Each structure stands twice: as C-alpha cells, then as structure tokens.
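Novice: Attaching a single structure in structure tokens format; questions to follow.
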Amino acid sequence: MSILLDSETTFIVQGITGREAVNLTRECLDYGTGAKVVGGVTPGRLGREVHGVPVFDTVAQAVEHHGGPIDGSVVTVPPAFTKDAVLEAIEHDVKLIVIVTERIPRSDVAQMVERANEKGARIIGPNCLGVIVPDVIKMGGIGGPAKDAAKAYTPGPVGVISRSGGMTTEMSSTLTAAGLGQSTAVSIGGDAIIGSSYAELMPLFEADEQTQAIVIYTEPGGRMEAELAAWVKENDSRLPIVAFMAGRFMDEMPGMSFGHAGTIVEGKEDTASEKIARLGEAGIQVAEEISEIPELVKNRIGVTA
Amino acid sequence: MRFFEYEAREIVKQAGIPTTDFGFATSADQARPIAERIGGPTVIKSQVLTGGRMKAGGVQFADTADEAAQHAEKVLNLEINGHQPRGVLVDTRAEVKQEYYAGVVWDGIRKQPVLLFSDMGGIDIEEVAEQHPDHVGRAHFSTLRPFSDFQAKEVIASIGVSGRPLQRLTPILTRLAKLFLERDMTLAEINPLGELADGRFVALDAHMDMENEARPRQQQLLEDLGIGDEETRQAREPTEFELAGEEVDGMDHRGVAGNVTEFDGNLGLVIGAGGGSLTLFDAVRAHGGDPANYCEIGGNPSVRKAAGLARLVLEKPGVDKIAVMMSIVSNTRVDIVARGVVKACLELGHDPAEKIAIFRIPGAWEEEGFKILDKYGVEYTDRSVSMHEAARRAVEKIQGSADGGADPSEMRQTTSEVGAESEPA
C-alpha cells in the first residue's frame, strides 16, 4: 500500500491559476493512474478551467460541485494569503493539506497546525514539494513532470521522508537505480515549524505493510531529528532507518542560515554533529554519502545486492 | 533578524511593559543630555549584536553626566568580538532588589510558543534550567485563542512566586506573550526583569529576534525603528561579494541564483538547490576541496541570472575553476543553466572546457543541456554519477591544475551562439 494517498484520493489545488500551479496540476493529472484533481480555487476566477479542472471562487463551491467531501488540497498561494486558504480548506473538512508556499511566518504556520489538529486534518509542509506514491499518484510538484517523476521513482519497500524537496527525488532516484523502490516519498518541508515531522509520519509507515525501511534526509537546525530518535527508542519500531545529514559545514557557522528557512544552527543541540550522535544512539545509521544509502538499506532488510 | 538592545527596549516599551528611562547616543555629546535627563547614576552600554559586552568593557557605570559622556566616548570606540558598536545606550542605574527572567520562544516540536519565567534573572536561562530546574516555570500557549492573564499567572506561581510580585508580574508576562505573536518574534526575552526597591518591575535589558519572513508585514515597526530593507542583520555583515550576489539574484524575478556566501578557497561553486547545495558543499570539503563560495540555484532562473552568478564566481580573486552541480532537477531546466555558465565563461574570455571542472545537473531538459556542453567540450555527467563522486572529480581537477590555465586570448569565442535564451514552455 502507501501512506497518505492512494489512487482514489481526491484533491483540489488552491491558487490553481498561478503559473507554477498550472504546471503542477498538469503533472499530477499525467502521473501514474492520473490524480483525481476535482477542482481548483482562485478567488474571482469562477468558471474557468485549468487543464480541464474547473475553477471556483471558494472551497465550499468546489465541495458542492464535487458532491461530497474532498480528501486533500495543494495550497500554492502567496505567503500573505496562505493561512487563510488553509483555514478555509480545514473548515470544509479537507483532511490532507500540502502547503507548497515558502516564506510563511511561523505564527501563521502554528495557527494552521493548531486548527488542523482541532479538526483532525494533517498538514504537509509548508515549503515542500508534496507526496508521491510511485506509479500511482502524486500530490504536489514532487519529481516534476510525469515522465521525469517516472524516471526517479519506482514502487517498492522504502519510505522516504525529506526536509528538502529536491533531495527527496535525488535519494529516491539513487534507491531506484539500486533496485529499491519506494512505498511513499514525502517532502515534509524545510521550515522551522512544519505540519508533519519524521516522528509524526513514522506511525503511518509503521502501519503500512509495504514499507520495510525508512530513508530520511536531514539538516542542521531544529529538534526534529531528536524527536525521531526518541520516537524510535520509545516505540520499538520494526522499521530500520537510514539517514543522510547535509550541511555539516554549518556547525562552524552558528547563526547563519543556509538552504532552507529552518536550517540554522542556533544552539548546541541542533548542530549536524549532535544530530548524527543522537540518531546513532537510537540505532539510526547515518550514511556519509547518498550513494551508500541503498547498500545500508539492503543490509538492514536482508536483501542481497 | 536581531534587534539591538535599544530597539528591543523600545519594542518592549511600546508593548506597555515598564522600562527604566534610557536613551540612544552615537556620540559623547548626545550621551551627556540623556544622562542629565536621567539625573542620577547611569549605565553606558555598548550597542552591538554580540554577547560578552560586560567582559569586554562595553558596559560602564557613571555617577555624573560628564562621566557618562567620557564613558560613551570610550565605549563607542571599543570593538567587541569584531563588531563596531552602533552606538551606546545611556540607561538609568536602578537599584534592583531582585532580578527575574521572562521570555518567549517557539517550540518547533509542539508547534506552539512557550512562555518561560524564572526568579533567577540576569544569567543565561538555559544554565538556570539545567542547574535549577525548579526555578524555571514554563507553559505552551495557543496561537488561535487570545492569551489570557491567568496563563501568565500560572507560570509565575508555578515556581512559588506569590504576593505583590505575582500581581505585578502577571500583566508584564501577558504583554510579552502578546508582543511575541503580534511582532512575529522568534525570541522575546526580558533579562533581567528587575524588581526595584520600591516594588516596581522594569525591563533592564531585552533581547528580541524577529522572523525574516515577517519583515513585509512588520514594515511599520521597522520604519518606526529606522531599520531599512538593506539591513539584513545576519550573524555577520554581508561581504561585497555577497552583496554582488544579491544583485545578481535581483536581476529579474525568475527563479533563484543567489544566497551567495563567501569562503576563501579556489574552487568556485555554482550549486543547487537548497538541500543539494548543502550536500554538495559538504561533499567538496569531504574530498579535500576548498570552496570559494556557497550559493543556491533553483526555481528555474533565467540564462542571464545563471550567467551572472557564474560570472561573479569566476571573477572572484583566487578562483581557478567552477563546479556546476545540482541534485536532480525537475523545475529548473538543465539547458538553461548550461547556457548560462558557458556564456559566463565565454564572456570572460575563458574556455568553458577548462574553467568548468564538472557539470552535474541531471533532470529536466538534460538532453538539450548536454548537447550544449558537448559542443564546448565541458565534462558533464548524468544521474548515474553521484553528487559526491561529481564533487570528487571537481576537486581532483582543480588540484591537478593549480598552476593556472591557457592563454585566455586564444580561447575567446563569440557568445552569440549561446546568448539566445530559449524560454521554457
């Protein structure tokens, strides 16, 4: 199976008439078995179509047109309008919200997450590329155009979770080349506060029979890796985890931000070296190079190379 | 972005939290009248965005206005940890009965702000938390519902503070919690929060960090404080090279070719995207390479922008070669970056084959990109060569040719062939 999405998942695209959103919609429609993009929302554009997808002014109109609850929404509107768009989706019982937009202030993210928690919705991102179930469905720009995504992602036993959208594809492509497909790959976003962390996605992968191992991409900044290490220790997870840590050079440059908004060394505990130590203590192997990852995974799940 | 103490104190004051009487001065002549107005003993504090002021002699005590002016003169000329002070804060030297701590930070795991309070102020809160955990009260609070006084009261009472102090501290902590959210802070700290001999509480020092992403909507506050857009307030001041990088990125609104950070090595890097750049920079260093810079390409920049970035890096003194590398791209077009970097080489009179140590950008439009690179004899690889392997090859090349390249005049070619930009569909 997969986590978060399957071939039946319906979703809308909020901000669908933007240039990137138009491309993203095309990609999702083309990929795998073809995503069920049941509508788009851009205020003031009611009645238009984007690649055959009807455009509405409000989420309520989209839900009404669909004739029932819509599973998900990809939100790609400017940062100043993102919070409102997400609250609107949550209000109309959308349960999975992928926020592509970057540069959203933390207090907005915290409000969206708090509201999502109240209504039982899940947020992926912000500042992410979304979720892909190889050969089945993708929700967001992850992997790019359908033919490019097909080149990098194949179905298989590895769950991928990454703070970098681009590196989600790089790592999955490396796994694919080594004969290791992916159950689901999730670009969780590079901000300091995000809707779903590694530890929050682990129970989903844990419950997914197809998934036999997890590969994560991590960076300095924040405590998400420590949270994951704690989760692994407490839950006696059946899933071996292999990690890759980028940005080791940042340990020498505290206070400087590189790569993503949340990637900044602010204290002792969020350095690359500290995180590597924490992950190691929890039995999570940290690869020195991306190319080592497939071998490490194979060793752990008993596949011979 | 960090605020200077004099700005942080102003923010605190605007939020209705009492502070001692203070003023900001950039000269001894400005300091004197402030000290006269305060009219008693004063403290002269260096305004720098770094710690260790006290130890470095950046905090001086004065009994008269003349003495305050003299100290101001001295402190203004004192460099602290490589930082030249912005000015001095002339502050009332208050008689303090007890020092407290009040602060708000984000908890990225709980995804909520957390209010912190201690009756052991004046020292680092993390140190207090470690050594005297029973002296630190804390509580997370909602970002959806308005903060209410009782939440502050509970935190204060949780470490045994009662009586008048509890009553007087409650509104102060409430205002701090509100200001944290209203002003998009990532850290709002009053330390020490002083209890004066007469029982009043005043902010004696404040530390505020605001989120960069919130700058657009906090424009009014920044304007009030006289902070312009050009003040980035990063951990260190941007270098000329880095400012030139920002200019390149600002050329047009197509994609990113920027986030340039200067290093002092000989291998110029034209790398991307966010996570890819972090990975590649590490990879170059892991193989013994010495990067001249860090940067990020992403979001499909124009040929002009990619060329501008490559040119900037190529022209940096001490750069022998550039490595053009990214993680697999799906949005950025390989051919556009290829055109850009080749164009930059040609414009500078360099042979692309010699100057570009390696080109490793697999993904969208790679066939078209590789054709261009073939034409100019540039070594490139597809996704079958890992990011680390590409970095290793680049380092090997630059270490093998430390004595410089061929005569550039022989390499000059027309740029018109690659100058024409083909736009993405």
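Novice: Inside the stretch A:154-170, can you point out the residues that are away from chain B (no Cβ under 11 Å), buried (at least 24 other Cβ atoms within 10 Å of the Cβ) and not β-branched (V, I, T)?
Specialist: Correct list: A:G159 only.
Novice: Here's a follow-up. Just wondering, is there one or more residues in the stretch A:193-207 that are over 22 Å from B:K111 (Cβ atoms), touching a Gly at 6+ places or on another chain (Cβ under 9 Å) and among the hydrophobic types (A, V, I, L, M, F, W, C)?
Specialist: Scanning the stretch A:193-207, I find no residue that is over 22 Å from B:K111 (Cβ atoms), touching a Gly at 6+ places or on another chain (Cβ under 9 Å) and among the hydrophobic types (A, V, I, L, M, F, W, C), so the answer is no.
Novice: Of the conditions (1) within 11 Å of chain B (Cβ to nearest Cβ); (2) under 25 Å from A:A192 (Cα atoms), A:A146 fails just one. Which one is it?
Specialist: (2)
Novice: Take the conditions out of contact with any Phe, Trp or Tyr (no Cβ under 8 Å at 6 or more places or on another chain), of a type outside the set (F, W, Y) and either within 14 Å of chain B (Cβ to nearest Cβ) or under 21 Å from A:V22 (Cβ atoms) (or both) and apply them to A:I90. Does it pass?
Specialist: Against the criterion (out of contact with any Phe, Trp or Tyr (no Cβ under 8 Å at 6 or more places or on another chain), of a type outside the set (F, W, Y) and either within 14 Å of chain B (Cβ to nearest Cβ) or under 21 Å from A:V22 (Cβ atoms) (or both)), A:I90 qualifies.
Novice: Moving on to the next point. Considering the stretch B:249-287 alone, what residues qualify as being in a helix (DSSP H, G or I) and either at the interface with chain A (Cβ under 7 Å from one of its Cβ atoms) or surrounded by 24 or more Cβ atoms within 10 Å (Cβ to Cβ) (or both)?
Specialist: B:G274, B:G275, B:G276, B:S277, B:L278, B:T279, B:L280, B:F281, B:D282, B:A283, B:V284, B:R285 - these are the residues of the stretch B:249-287 that are in a helix (DSSP H, G or I) and either at the interface with chain A (Cβ under 7 Å from one of its Cβ atoms) or surrounded by 24 or more Cβ atoms within 10 Å (Cβ to Cβ) (or both).
Novice: Also: Would you check if A:N117 is within 11 Å of chain B (Cβ to nearest Cβ), of a type outside the set (K, R), surrounded by fewer than 24 Cβ atoms within 10 Å (Cβ to Cβ) and within 27 Å of A:E225 (Cα to Cα)?
Specialist: yes
Novice: Select from the stretch B:132-147 the residues that are outside any helix (DSSP H, G or I), away from chain A (no Cβ under 14 Å), of a type outside the set (G, A, S) and closer than 17 Å to B:L173 by Cβ and list them in ascending order.
Specialist: If the condition is that a residue be outside any helix (DSSP H, G or I), away from chain A (no Cβ under 14 Å), of a type outside the set (G, A, S) and closer than 17 Å to B:L173 by Cβ, then B:V136, B:R138 are the ones that fit.
Novice: Kindly list the number of the only condition in (1) buried (at least 21 other Cβ atoms within 10 Å of the Cβ); (2) touching a residue at least 60 places away in the same chain (Cβ under 8 Å) that fails for B:Q98.
Specialist: (1)
Novice: Does B:R200 satisfy the condition of being touching a Ser or Thr at 6+ places or on another chain (Cβ under 8 Å) and either of a type in the set (D, E, K, R) or under 30 Å from B:Y101 (Cα atoms) (or both)?
Specialist: The answer is no for B:R200.
Novice: State whether one or more residues within the stretch B:92-100 are under 24 Å from B:E231 (Cβ atoms), outside any loop (DSSP other than H, G, I, E, B) and in contact with a strand residue (DSSP E or B) (Cβ under 9 Å, 6 or more places away or on another chain).
Specialist: Checking the stretch B:92-100: not a single residue is under 24 Å from B:E231 (Cβ atoms), outside any loop (DSSP other than H, G, I, E, B) and in contact with a strand residue (DSSP E or B) (Cβ under 9 Å, 6 or more places away or on another chain).
Novice: Identify the single condition in (1) surrounded by fewer than 20 Cβ atoms within 10 Å (Cβ to Cβ); (2) farther than 27 Å from A:R106 by Cβ that B:S46 does not satisfy, given that it satisfies every other one.
Specialist: Single failed check for B:S46: (1).
Novice: Now for a separate question. With respect to A:D251, is the statement that it is of a type in the set (D, E, K, R) and under 17 Å from the mean Cα position of the chain (by Cα) true?
Specialist: No; evaluated as a whole, the condition is false for this residue.
Novice: Also: Every residue in the stretch B:289-318 that is in contact with a Lys or Arg (Cβ under 9 Å, 6 or more places away or on another chain) and in a loop (DSSP other than H, G, I, E, B), please.
Specialist: Matches in the stretch B:289-318: B:G289, B:A292, B:G299, B:N300, B:P301, B:S302.
Novice: Follow-up question, since we're still on this one. Please work out if B:S327 is within 12 Å of another protein chain (Cβ to nearest Cβ), without any contact (Cβ under 8 Å) to a residue 60 or more places away in the chain, of a type outside the set (A, V, I, L, M) and under 24 Å from B:L373 (Cα atoms).
Specialist: Answer is no for this residue.
Novice: Against the definition (farther than 24 Å from B:P18 by Cα, out of contact with any Pro (no Cβ under 7 Å at 6 or more places or on another chain) and either among the polar types (S, T, N, Q) or not in a strand (DSSP E or B) (or both)), how does B:E154 come out, yes or no?
Specialist: no
Novice: Working carefully through the options B:D374, B:D351, find the one that is touching a Cys at 6+ places or on another chain (Cβ under 9 Å), of a type outside the set (V, I, T) and surrounded by fewer than 21 Cβ atoms within 10 Å (Cβ to Cβ).
Specialist: Every option except B:D351 fails the conditions.
Novice: In this structure, does A:G143 turn out to be at pLDDT 95 or above, within 17 Å of the chain's Cα centre (by Cα) and not charged (D, E, K, R)?
Specialist: In short, yes.
Novice: Every residue in the stretch B:116-131 that is under 23 Å from B:A8 (Cα atoms) and either within 14 Å of chain A (Cβ to nearest Cβ) or part of a loop (DSSP other than H, G, I, E, B) (or both), please.
Specialist: B:D119, B:M120, B:G121, B:G122, B:I123, B:D124, B:I125, B:E126, B:E127, listed by residue number.
Novice: Could you check how many residues of the stretch B:381-402 are at the interface with chain A (Cβ under 9 Å from one of its Cβ atoms) and more than 14 Å from B:H287 (Cα to Cα)?
Specialist: Matching residues across the stretch B:381-402 total 2.
The values are calculated or read from the model by the stated rules, or taken from the named source; none is laboratory data. Keep in mind that this is a model prediction, so the values were computed, not measured. FYI the Cβ positions are ideal-geometry reconstructions off the backbone, even for glycines, and counts take in every protein chain you see.
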